[in-house]
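This report concerns only the one structure given below.
What follows is calculated from the coordinates using simple rules that are stated; it is not laboratory data. Since the structure is predicted, the reported quantities are computational estimates derived from the model, not experimental observations. Here the Cβ positions follow ideal geometry from the backbone for every residue, glycine too, while neighbour counts run over all protein chains shown.
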Amino acid sequence: MNHDTAPLWGMMAEFDNVSDTLAAAEKTRDAGFKHWDTHTPFPVHGLCDAMGMRDTRLPWVVLTAGITGALFGLALQYFTNAVDYPFVISGKPLFSLPANIPVVFECTILFAALTAFKAMLVANRLPQHHRPLFKKERFRRATQDRFFIVIEAADPKFDADRTRAFLESLGGLSVEEVEDR
Amino acid sequence: MHTHLIDITKEKRFLGSLGQRLTLGGGVAGIVGLAVSFGLASTSEDGIHRLWWSYLHNWTFFLTIALGALFFVLVEHLAKAGWSVVLRRLSEGVSMTLVLLAILFVPLIFGLHDLYHWLHADLVAQDHVLQHKASYLNQTFFLVRVAVYFLFWIGAAFLMHRNSVKQDQSGDHLLTGKMEALSAPFMMIFALTTTFASFDLLMSLDPHWFSTIFGVYFFAGSFMSFLAFLSVIIVGLQRSGRLTGAITDQHLHDVGKFLFAMLVFWAYIAFSQYLLIWYGNLPEETGWYLRRQTGTWSSLGIVMIFGHFLIPFLFLLSRHIKRRPLLLSLGALWLLVMHWLDLYWLIMPEYDHALTAIPFSLLDLSCLVGIGGFFIAAWAWFLRRCSLIAEKDPRLAESLTFENA
């Protein structure tokens, strides 16, 4: 393997505890980086604030999908029962709301849940079958006992030397380059 | 950890003078409210008869809140919940008001004849259905059952509260294990007693009608109204400077989520009951709904659909509202009003089947003030000496640092 020929993909700093990671994330946020992420072996409370993450817009997408589902369920039953194939069932009107509520409810949930799942994946750009980070030997411990802050080379403020110096100033265990391979 | 554990000993965590004011003010409101009710009733024709209905309605309103509290205490022990430890003492206080409600049931014994027409021997003599039900629906068995319900409810509330307060002193973790072990059988008995209490106290107002889901409906409104009441007392206490650090927007958010879930659950159960009866269209079941769809009663039903479900559903949907004390308590107050109207809708159409207009009366409000005053007073009285937090609960630290994902 030749490390020198592969283009630089990013820079990663390694930490071994939560409070250092949170402090480092706050500094990275304040330094104005945009394309960066924190990797932890378990959910860390307060990390979203420390990273300065915006509120997710997912609820609005899910709400829209839910309303769409409700209207779809209602229209479906109106069309099938009252227009396309009118059929009197147990003496009720062809289009009667109480009988339609269960399907409207189920369609609301179906649309909202599937949309939430799909939109979450899209918003997080998942699934990613390949990520250069996974080739790093050290990064494997991100699922065990180590915390990582990774700044991508795609970030407008990224500069190999200055970003390395910045990450080293955060006081982690190590700073390594991540090659795009 | 990054998050700092707050020092609860620096927190204002006793009711103190506020408790005295609440006990005194509540007691005065209670006496005045009930005295005014009695005065109004005795000076109007048929007033005493009407008074019993208002009394039952408002007594049930507070009973549901207290039962919701008992459920909350039990379910948190049962699930070994960590997040809610800071809310438990406040809830224990609410569940202890069952003692007061048992006392306030005593006058009702004299009004049973005005409320339950299965107690009228002449009516039963002409009624085949009631004769069949007489082995269950008779005065002695009814009173024995109510006594058993209250014996269990008060016993459960008392055991949970006493052990929890004991732990404040000793810090004995075994007490937590004991309460958790008790909560499992208690929960089963709670389910049975509340279901049968709803049958006996409310469903038997129309002894011909039956709905197997009625107990769940009663429970849904009960737990929802308790969560609404809890939100209001949390916000109230924090405005008085108490528990400002221990209870955070994270706890409010979770109470709000619970409240939201239960208002949806209420709607789900209410609709389930309606759908089956509407579809089946059997006269012995539909009569109950027919009365509630006649005259002005039907508008109260519409108020339920929008006011008890759709409007608060949209209002409490957003996390930003659930995390803001003022907005959450506003939604909670709204839902308390709706729960009060929901019970009105359950009870009052049975007052007089010939009436098609809602028989609103000043008695409904004076009884609310009267029983409500005593209710607040009892809550403050039961918490007069102990801390408002379960101080040495083994999961307190977890609760204090709790954060939603």
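Brief remarks on what is shown
- Gaussian network model of chain A, Cα within-10 Å springs - most flexible of A:Asp145, A:Asp84, A:Asp155: A:Asp84
- With the Kirkwood sum run over all distinct C-alpha pairs, region B:217-359 has a hydrodynamic radius of 16.3 Å.
- Highest-MSF residue in chain B out of B:Ser54, B:Ser272, B:Ser44 [GNM, Cα springs under 10 Å]: B:Ser44
- Chain B, relative contact order [Cα under 8 Å, separation at least 6], %: 38
- Per-residue average of Cβ from other chains inside 10 Å of B:274-281: 3
- Most to least packed among B:364-373, A:26-35 [average Cβ atoms within 10 Å]: B:364-373, A:26-35
- Euclidean distance of C-alpha centroids, region B:38-100 and region B:296-319, integer Å: 22
- With one equal scatterer per alpha carbon and no solvent term, the Debye-computed log10 I(q)/I(0) for the protein assembly as shown at 0.06 1/Å reads -0.43.
- Mean Kyte hydropathy of 0.0 or more with a Cα span along the axis of at least 20 Å, helices from DSSP in chain B: B:16-43, B:47-78, B:139-170, B:174-201, B:214-239, B:249-280, B:325-347, B:362-382
- For the pair region B:229-290 and region A:9-48, the centres of their Cα atoms are 40 angstrom apart.
- Cα-based helix-to-principal-axis angle, A:58-77 vs chain A, degrees rounded to 10: 20
- Inter-label distance, nm, simple model (7 Å from Cα along the C-beta direction), B:Gln131/B:Ala147: 3.0
- Computed on chain B, the Cα convex hull volume stands at 139 Å³ per residue.
- Inter-part distance where region B:153-227 and region B:374-405 are each reduced to a Cα centre, Å: 19
- Förster-model FRET efficiency, 60 Å R0, A:Arg131 and B:Ser44, C-beta, rounded to 0.05: 0.15
- Helical contribution to [θ] at 222 nm, DSSP H n ≥ 4, -39,500 (n - 2.57), averaged over chain A, rounded to 500: -13500 deg cm²/dmol
- Among the listed pairs A:Lys118/B:Lys257; A:Lys92/B:Lys133; B:Lys166/B:Lys322; A:Lys27/A:Lys118, those whose Cα-Cα separation exceeds 28 Å are A:Lys92/B:Lys133; B:Lys166/B:Lys322; A:Lys27/A:Lys118.
- Normalising the average separation of contacting C-alpha pairs (under 8 angstrom, six or more residues apart) by the number of residues puts the relative contact order of region A:1-149 at 42 percent.
- Ranked B:Asp122, B:Asp114, criterion: other C-beta atoms within 10 Å, fewest first: B:Asp122, B:Asp114
- FRET efficiency for the pair A:Ser174 and B:Glu398, taken as 1/(1 + (r/R0)^6) with r the Cβ-Cβ distance and R0 = 35 Å, rounds to 0.55.
- Cut-off 13 Å (backbone N to label point 7 Å along Cα→Cβ of A:Ala123), residues of region A:40-71: A:53-65
- Spin-label pair B:His208/B:Arg385, simplified geometry with 7 Å Cα→Cβ offset, distance in nm: 5.4
- Given R0 = 45 Å, the distance between the Cβ atoms of B:Lys178 and A:Leu58 translates into a calculated FRET efficiency of 0.55.
- For chain A, the longest principal axis of the C-alpha atoms and the axis of helix A:160-169 are separated by about 90°.
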